[in-house]
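Reading through the structure tokens given below for one structure.
The values are calculated or read from the model by the stated rules, or taken from the named source; none is laboratory data. Small disclaimer: the values here were computed from a predicted structure and weren't measured. Please note: Cβ atoms are built from the backbone with ideal geometry, for glycine as well, and neighbour counts cover all protein chains shown. Only protein heavy atoms, including side chains, enter the accessible area calculation; ligands, DNA and RNA are left aside. Shrake-Rupley method; radii C 1.70, N 1.55, O 1.52, S 1.80 Å.
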Amino acid sequence: MKIRPNSAESLALVASAIPDLASRLDAYRVLDEPPDEETMQTFEEYLHGLIGELDAALAAGDLAGVAKNAHALKGMGGAAGGRAEKMVPADFGGAMNSASGKAASGGHVLVVEDEAFNRFLLRKIVAGLDCSISECENGSGALTAARERQPDVALVDIQLPDIDGFAVCRQLKNDPLTADIPVIMVTARHEITDIEQGFEAGAFDYVRKPYNPRELTARVRNAIELKRRGDSLRKWKDRTSRELTLAAALQKSLLSPRPFLNEQLRIHPAYESSTEVGGDFFDIVPLPDGRVAVYVGDVAGHGVGPAIVAAMLKASLAELLNTYAAHGPARICNELHARFLQQIDLPHLFATLFLAIVDLKKRHWRCLSCGHPTPIVAGGSMLSRRDFEKHGGMPIGLSIAPPTPYSVDDEVDVEAPEGAVVLFVTDGLLEALPADLSDAGGRKIVADILEEWIQDGQGSAAEFILRRMKEENFELQSDDCTAVAVEHIAASEIPVQESIMLSTDTLQLVASRVEAALQAAGWPEEVSWAVSLLLLEHGSNVIRHGEPPPASRFSVQLRLRHSACELLVRDGGRPWTYAAAAGPEPPADAENGRGLFMMRRIAMRIETCRDDEENVTVFTVRKDWKPAP
């Protein structure tokens, strides 16, 4: 190749930028993979074009043009194998020029290079990978293109006219939208510190000029393949995360904390799910003979497996309790253990369980603990934790256990006094406490919160405990946390207990008795009146909309707490809940809905359940209730 000089000054700059250019080009022709004739012709034409522009800039005294063309010649020196020496400032301006190649199945490559010939050379090499290509002349344009086009790999030259390649790489890695794009630094520099700086900026790889087609192709191919694998892994993780979220929602719906409301007993569950799907399970099951079964269990581990096992155990217990309740907890747990081993062939999985069958009227508990934490007891009664610890058995599903690991001797019989509150918990609630507290210390804190609730006397004890622990910044997300509070109603708390044939007149009579009982207990007149009004409105709704069968009874119980009262109402109408009727305040001239809205304004809490084919509704009203202004 012969160089056609335009001027002595131009040749001097060319010689400074690319010493022994001719010999380097000749060396290209003897490489294992020499450039083809098209590449050599393009190189020669571009070189002579630059020399012509440099000559014109010198003649016109255009220093900016001289700097621009000198920088271009320096870049060509790198492409041709020359050492890149700093000749011009790095901050002179440039303009973005982007072009997209034909879409291809091999991925998308972003080429960031300010020299047209170098872009041509990179494009020609990369095209062999069947990739589509975008080109940018400067760093700021590259950042925009990367966000918009999301390439599979970016080839970034270190020396760019606005910001250098290191800065481009750092900004790409700091942007969540582009952080996963592999960056291959393109450099004519040979110093190890430059390569190290590129990796510190977050580069995936680097290539040196002059480009070896095989090396460049291999590095780009590896980057694209790793990017695709990373994208596939992220999609899998996203899909798994969505499925786990769905599984957690389904699990939560299966563990819906429905209360059990009765004149002798109140049972309130509360459940706080962890950040993962967990293995807690619980339920309250009214039995055909009038007793009620309540249990809390926990399958070892976290994730979908324990959650599925927990759902299986809950379904099995629903059947076993109705079939074997008369035989007691030991028989039920033996049957559950056998089913576990038959259906779950995973030795590392097992479940703890505390099961109690409670006679409501006699307050008799027949219990069995299968390796589960014993309940916490409060209420100033003679009942204690030790009453539940006299006996017990191993966890459900242990492969080393005998075929029938539980006997009647493992059961515990307890007579609960009036006013006793028994709290079932899973270990997640205790393990959520600070690390410097032992299990015993944790139990004491939960017991203290339970006593605090007894003094407050409002709402659900189980919900109160979880709420207070969150307020005290206990970490409840590392494991499922379940609490089930069982309250035995004390007769001394009940000033009114009525059962009537429902009519407008009998309803008015009972409402008057409720109002009088509240005033006799020192309640404010306006609050007493509001509670009686609430009862009248509820009873009227039953008469008008509940469709109770002929001769059905309507029962009312008034319970006085420290700072609130509970009005329990039982009717034989069709199933219905106040949650289904919730909504905004109706207009003042509306014919329907104002009574329901008024009831929600009076009651701080409205709970409903079905018991013995009847609706049971409990309204909680604060003693310091004030009418809305």
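For segment 263-301, filtered to residues that are farther than 30 Å from residue 346 by Cβ and assigned to a strand (DSSP E or B), the residue that is nearest to the chain's Cα centre (by Cα) is 268. The set of residues in segment 341-375 being open to solvent by less than 10 Å² (accessible area, probe 1.4 Å), part of a strand (DSSP E or B) and touching a Lys or Arg at 6+ places or on another chain (Cβ under 8 Å) consists of 356, 357, 358.
Being touching a Pro at 6+ places or on another chain (Cβ under 9 Å) and surrounded by 17 or more Cβ atoms within 10 Å (Cβ to Cβ) is the filter here; which residues of segment 313-332 pass it? Walk me through it before giving the result.
Within segment 313-332, the subset touching a Pro at 6+ places or on another chain (Cβ under 9 Å) is 322, 325.
Across segment 313-332, the qualifying residue is only 325.
Looking only at segment 385-402, which residues are surrounded by 14 or more Cβ atoms within 10 Å (Cβ to Cβ) and not in a loop (DSSP other than H, G, I, E, B)? Passing the criteria: 385, 387, 388, 393, 396.
Among residues of segment 540-566 that are farther than 21 Å from residue 264 by Cβ, those with a Cβ under 7 angstrom from a residue that is part of a loop (DSSP other than H, G, I, E, B) and of a type in the set (Phe, Trp, Tyr), sequence gap 6+ or separate chain, pair up as 546/576. Within segment 225-245, residues that are of a type outside the set (A, V, I, L, M, F, W, C) and open to solvent by 90 Å² or more (accessible area, probe 1.4 Å) sit with their Cβ atoms under 9 Å from residues that are modelled with pLDDT under 85 and assigned to a helix (DSSP H, G or I), at 6+ positions apart or across chains, in these pairs: 243/304. Return yes when residue 134 is surrounded by fewer than 21 Cβ atoms within 10 Å (Cβ to Cβ) and of a type in the set (Ser, Thr, Tyr) and no when it is not. So residue 134 does not fit the description; no.
Output yes when any residue across segment 213-235 is over 19 Å from residue 169 (Cα atoms) and in a loop (DSSP other than H, G, I, E, B), and no when none is. Within segment 213-235, none of the residues are over 19 Å from residue 169 (Cα atoms) and in a loop (DSSP other than H, G, I, E, B). Within segment 446-468, the set of residues being in contact with a helix residue (DSSP H, G or I) (Cβ under 7 Å, 6 or more places away or on another chain) and under 17 Å from residue 427 (Cα atoms) comprises 446, 449, 450, 465. When restricted to residues that are touching a Phe, Trp or Tyr at 6+ places or on another chain (Cβ under 8 Å), open to solvent by 10 Å² or more (accessible area, probe 1.4 Å) and not hydrophobic (A, V, I, L, M, F, W, C), segment 280-312 contains 3.
Can you pull out every residue in segment 403-435 that is among the aromatic types (Phe, Trp, Tyr) and outside any loop (DSSP other than H, G, I, E, B)?
424
A single member of 304, 309, 299 is of a type in the set (A, V, I, L, M, F, W, C) and in contact with a Gly (Cβ under 6 Å, 6 or more places away or on another chain), and it is 299. Scanning segment 196-236 for residues that are of a type in the set (Asp, Glu) and in contact with a helix residue (DSSP H, G or I) (Cβ under 6 Å, 6 or more places away or on another chain) gives a single hit, 205.
When residues in segment 191-248 are screened for being among the hydrophobic types (A, V, I, L, M, F, W, C) and either touching a Cys at 6+ places or on another chain (Cβ under 8 Å) or within 30 Å of residue 273 (Cβ to Cβ) (or both), 10 of them pass. If the requirement is being of a type in the set (Asp, Glu) and farther than 28 Å from residue 420 by Cβ, which of these qualifies: 345, 359, 298? Only one candidate qualifies: 345.
The rows are residues; the columns are (1) open to solvent by less than 30 Å² (accessible area, probe 1.4 Å); (2) farther than 20 Å from residue 130 by Cβ; (3) without any contact (Cβ under 8 Å) to a residue 12 or more places away in the chain.
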| position | (1), (2), (3) |
| --- | --- |
| 189 | no, yes, no |
| 193 | no, yes, yes |
| 216 | yes, no, no |
| 219 | no, no, no |
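Reported count of residues in segment 160-187, each being farther than 13 Å from residue 136 by Cα, open to solvent by less than 40 Å² (accessible area, probe 1.4 Å) and part of a loop (DSSP other than H, G, I, E, B), is 5.
Any chance you could count how many residues in segment 611-629 are touching a strand residue (DSSP E or B) at 6+ places or on another chain (Cβ under 7 Å) and not aromatic (Phe, Trp, Tyr)? Going through segment 611-629 one residue at a time, the tally reaches 10. Listed here are the strands (runs of 3 or more DSSP E) enclosed by segment 468-580 that have at least 1 residues being open to solvent by 10 Å² or more (accessible area, probe 1.4 Å) and among the basic types (Lys, Arg): 553-560, 564-571.
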